[in-house]
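Below is one structure, written out as structure tokens; comments come after it.
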Amino acid sequence: MNPVSVEMILARKREEIAELRADTSWAARVRSRERRNFRQAIAIPGLSVIAEIKRSSPSTGDLRVNIDMLLEAYIAAGVDALSILTDSHFGMNAAELERLSAKTNLPIRRKDFTLSKEQIDEALILGADAILLIATFLSAAELKSLGDHADSLGL
């Protein structure tokens, strides 16, 4: 895997956000999956496991993993929640979040470089129950605004 810089990832994210804003057909879709409480699932007494689904890693490269089999293994192992990476730089995409979320009742966090409210709205529609906001890439005002938006949607 070629090294991918954060700048490259963020530039691509801005392109994806522009595409989301230009084609709002995704916003008319209806969430097909029942909502799950991510926070409650990991707040149980004892150890909570959030299992990650992705195809590649910046440090390891291609993980050579069948994500459907990985999902089944996580469900069988009794994990408490899932974190599904949806960034194309890591071999995944938003459509896979929707496809995988339809196969489980586990709460799901969309793990991505979330920079806009549209991405949060899309995450909810595609089946996410929580999102990841990476504070390093957001100003304090953006973090508050995006966090408040996610909270208003129950994410």
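Quick look at the numbers
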{"item": "Residue (of Ala141, Ala77, Leu97) at the positive-pole extreme of the chain, dipole from beta-carbon charges", "result": "Ala77"}
{"item": "Region 91-131 - charge dipole about Cα centre, Lys and Arg +1 at Cβ, Asp and Glu -1, debye rounded to 20", "result": "180 debye"}
{"item": "Mean Cβ neighbour count within 10 Å, used as a protection proxy, ranking 140-148, 116-124 highest first", "result": "116-124, 140-148"}
{"item": "Nearest-0.05 FRET efficiency for Leu153 and Glu7, computed from C-beta distance (R0 41 Å)", "result": "0.90"}
{"item": "Helix-only [θ]222 nm of the chain, DSSP H runs n ≥ 4, -39500 (n - 2.57) each, per residue, nearest 500", "result": "-12500 deg cm²/dmol"}
{"item": "Gyration tensor (alpha-carbon) shape descriptor, region 1-59, a/c threshold 1.5", "result": "oblate"}
{"item": "Residues whose placed amide H lies under 5 Å from that of Ser83, excluding near-sequence neighbours", "result": "Ala51, Glu52, Ile53, Arg109"}
{"item": "Candidate aspartates and glutamates for bridging to Lys54, where Cα separation is under 16 Å - those fewer than 8 sequence places away on the same chain excluded", "result": "Asp62, Asp68, Glu72, Asp87, Glu96, Glu98, Asp112"}
{"item": "Sequence ranges 102-110, 7-15, ranked by mean other-Cβ count within 10 angstrom, highest first", "result": "102-110, 7-15"}
{"item": "Region 1-58-region 120-144 distance, computed between alpha-carbon centres (Å)", "result": "8 Å"}
{"item": "Magnitude of the charge dipole, the chain, Cβ model with Lys/Arg +1 and Asp/Glu -1, debye to 20", "result": "220 debye"}
{"item": "Furthest towards positive pole of dipole, Ala11, Ser59, Ala22, structure part region 1-81, Cβ charges", "result": "Ala22"}
{"item": "Hz values of 3J(HN,Hα) by residue in region 49-60 - Karplus curve (6.51, -1.76, 1.60), Gly and Pro given as x", "result": "10, 9, 9, 9, 10, 7, 9, 8, 9, x, 8, 9"}
{"item": "Gain upon complete extension [Ser57, Thr24; 0.36 nm per residue less C-alpha separation]", "result": "8.8 nm"}
{"item": "Ordering of 40-50, 72-82 by burial proxy (mean other Cβ atoms within 10 Å per residue, highest first)", "result": "72-82, 40-50"}
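Where a number appears in this text, it was derived from the coordinates with a stated rule and is not lab data. Keep in mind it's a predicted model, so treat the numbers as computed, not measured. Note that each Cβ is placed from the backbone with ideal geometry, even for glycine, and that neighbours are counted across all protein chains shown.
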